[in-house]
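Visitor: Take this structure, written in structure tokens, and hold onto it; I'll ask about it next.
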Amino acid sequence: MEDKNTENKPVKSQKNIFKRIATAPLSAIKSNLLNIVSKANPFDKNINKNDVSDSGIESMRFAYTNSKKAVKVVDRSIKTTQRTIRTIKTSRNVINKTGKIIYKTGKFTGKAVVFTVKVAKTIVINVTAALMNPVVIIIAIFIVILIMVLAMVVLLMGGGASANISEQYAYSSAAGLVDVPEQYQNALDFFNTAVANRQEEFNSIIDNMYYDYNNLTESSLVYMERTLPEPIIIYDKSFSIDERKATLKSAWDMDLTVTAKEAIAIAYVYLEKEKNAENHTEGGIYEVSYTQEVFDLILTKCVTFSNTVYSGQYCPDENCTRHVELVDNPDYYYALDRVNEAADNYNNSGGDEYWGQQYEYWSNVFDNTSPTIEEITYICEYQHDLHSIGLAFFTKENIMNALEFTNNDKRWEELTEKGFENNTNISI
């Protein structure tokens with residue numbers, strides 16, 4: 001029966017129809033696709049379960065119906081992906097407000113998702129043009145589903161890999177320094193200054209120990225242990241003479257701790273940690289600059305030393321002091337006895353000449369002999385100050401632990417070191 005309401009309606013050209021489809025938004029394309037399928041597709045009907053005869057058409061309808069459901073699932077996936085993109089953009093805006101940040105997480109994944117949606121849209125448009133053929137419809141739908149699945153796989157793998165590569169580069173290139181070669185040279189100067197200052201602090205402890213050869217009684221003693229790295233090296237107690245001081249100062253050896261490159265990488269990650277703490281973020285790369293203060297701090301973790309002073313100590317041989325004591329002179333008393341003997345014999349013998357001569361001799365000896373003499377001994381009067389010095393050099397791992405580096409911070413430090421090594425504009 002002919003519909004009179006359609007007799008005078010103009011016929012729309014196929015060209016205009018496809019032109020509007022090509023420019024329509026994705027949601028409209030999906031709607032047009034379903035409308036055209038329902039009108040032109042003989043399979044878009046309910047399956048006749050009462051018809052026991054099988055001409056093949058029922059099986060094709062069953063396959064088509066399931067394919068149609070799959071298209072709806074894909075459509076929901078696209079909508080979810082679009083919401084994910086909006087979420088990523090929101091997160092990036094929040095990071096931007098926290099400070100001058102160099103690297104933003106999620107940037108690369110967002111672009112990959114947008115690209116996938118555009119590909120899916122193009123595929124749907126091209127499929128619509130062939131909807132008048134039922135067989136093509138089924139094949140096309142399966143192709144769309146397959147491509148959409150593959151596209152999402154590429155998104156997850158390719159997008160994730162790209163983000164990972166970009167992230168690795170951002171962290172290994174010390175991007176927060178901006179001008180890496182210039183900042184590295186500045187850091188090298190700061191590091192050398194910090195090392196010199198730290199060593200001077202150690203040397204001054206030793207140089208300020210009191211020693212005077214003419215006053216050994218009050219001269220300082222020194223004992224030192226270099227505890228790290230093992231084995232422990234012990235410098236026994238001794239007077240702080242110049243030769244001993246030189247030996248103790250030679251125990252300073254920066255080769256036992258970090259290299260300049262390691263210290264500079266540690267300093268960079270430490271500065272980034274400070275920025276992240278200020279902005280309540282984690283793993284963000286901010287613009288930072290090296291300072292003398294940060295290297296002075298790091299050197300206190302590289303090398304530690306102590307000086308404990310004990311008073312009232314004795315010297316190693318306990319003979320630093322010359323002790324003089326006056327005692328009776330035995331020669332004096334011997335001469336006295338001889339004088340008395342000669343006098344007694346001279347008087348008993350009635351003036352014997354021999355004893356008279358003996359008396360004169362011993363009287364002369366007695367007159368020229370002191371009744372006392374000095375007795376000299378060498379002792380220690382326990383008036384020394386003993387300086388007990390400890391010296392230790394720590395490894396890179398020890399230093400990062402002292403600065404409270406997490407495992408991620410330590411990996412960041414390793415990546416930064418590699419970046420310095422691979423930077424041809426830096427002289428390591």
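The values are calculated or read from the model by the stated rules, or taken from the named source; none is laboratory data. What you are looking at is a predicted structure, and each value in this text was computed from that prediction instead of being measured. Here the Cβ is made from the backbone with ideal geometry for all residues, glycine too, and neighbour counts use every protein chain on show. Side chains included, ligands, DNA and RNA excluded: accessible areas come from the protein's heavy atoms. Shrake-Rupley method; radii C 1.70, N 1.55, O 1.52, S 1.80 Å.
Visitor: So, for the range 178-337, what is the accessible surface per residue at a probe of 1.4 Å, expressed in square angstrom?
Guide: Here the per-residue accessible area is 53 Å².
Visitor: Another question, if that's okay. Given Ile379, Ile399, Asn422, which one lies farthest toward the positive end of the charge dipole of the range 314-428, if we put +1 on the Cβ of every Lys and Arg and -1 on the Cβ of every Asp and Glu?
Guide: Of the listed residues, the answer is Asn422.
Visitor: Next question. At 0.36 nm per residue, and after removing the present C-alpha to C-alpha distance, how many nm does the segment from Glu404 to Glu293 gain when stretched out fully?
Guide: Here the segment from Glu404 to Glu293 would lengthen by 38.2 nm.
Visitor: May I pose another question? Run the numbers on the range 270-428 and let me know its relative contact order in percent, using alpha-carbon pairs under 8 Å that are six or more apart. Mind showing how you got there, number by number?
Guide: Numbers: 162 pairs, mean separation 51.4, N = 159.
Relative contact order of the range 270-428: 32 percent.
Visitor: Something else now. With the crude spin-label approximation of a point 7 Å out along Cα→Cβ, what separation in nm comes out for Glu218 versus Gln357?
Guide: With each label placed 7 Å out from Cα toward Cβ, I get 6.0 nm.
Visitor: How many nm separate the modelled label positions at Tyr310 and Ile373, each set 7 Å beyond the Cα in the direction of the Cβ?
Guide: 4.0
Visitor: Rounded, prolate or oblate for the range 330-395? Axes are the square roots of the Cα gyration tensor eigenvalues, ordered a ≥ b ≥ c, and the cut-off for rounded is a/c under 1.5.
Guide: On the way: a/c = 8.56, a/b = 7.67, b/c = 1.12.
Prolate, since a/c reaches 1.5 and a/b exceeds b/c.
Visitor: Next question. Quick one: if you stick a label point 7 Å off each Cα along the C-beta vector at Asp331 and Thr424, how many nm between them?
Guide: So the two model labels end up 9.3 nm from each other.
Visitor: Same structure, new question: From the backbone phi of the range 320-332, what are the Karplus-calculated ³J(HN,Hα) couplings (6.51 cos²θ - 1.76 cosθ + 1.60, θ = phi - 60°) in whole Hz, Gly and Pro given as x?
Guide: Computed from phi, the couplings for the range 320-332 are 7, 10, 7, 10, 10, 9, 7, 10, 4, 8, x, 5, 5 Hz.
Visitor: Among the listed pairs Lys249/Lys410; Lys245/Lys396; Lys261/Lys301, give every one whose C-alpha distance is greater than 25 Å.
Guide: Lys249/Lys410; Lys245/Lys396
Visitor: Related question: Provide the three semi-axes, in whole Å and in decreasing order, of the ellipsoid equivalent to the range 272-426 as defined by the square roots of 5 times the Cα gyration tensor eigenvalues.
Guide: Result for the range 272-426: semi-axes of 91, 14, 11 Å.
Visitor: FRET efficiency for Asp207 and Ile102, Cβ-Cβ distance as r, R0 = 45 Å, nearest 0.05?
Guide: The calculated FRET efficiency here is 0.45.
Visitor: Under a Cβ-Cβ cut-off of 11 Å, what is the net charge of the residues other than Met224 that fall near it, where Lys and Arg count +1 and Asp and Glu count -1?
Guide: Its environment carries a net charge of +3.
Visitor: A further question on this structure: Multiply the residue gap between Asp344 and Glu397 by 0.36 nm, knock off their C-alpha separation, and tell me the result in nm, one decimal place.
Guide: That works out to 9.6 nm of additional length.
Visitor: Follow-up. When Lys and Arg each count +1 and Asp and Glu each count -1, what net charge do the other residues less than 13 Å away from Ala277, Cβ to Cβ, add up to?
Guide: -4
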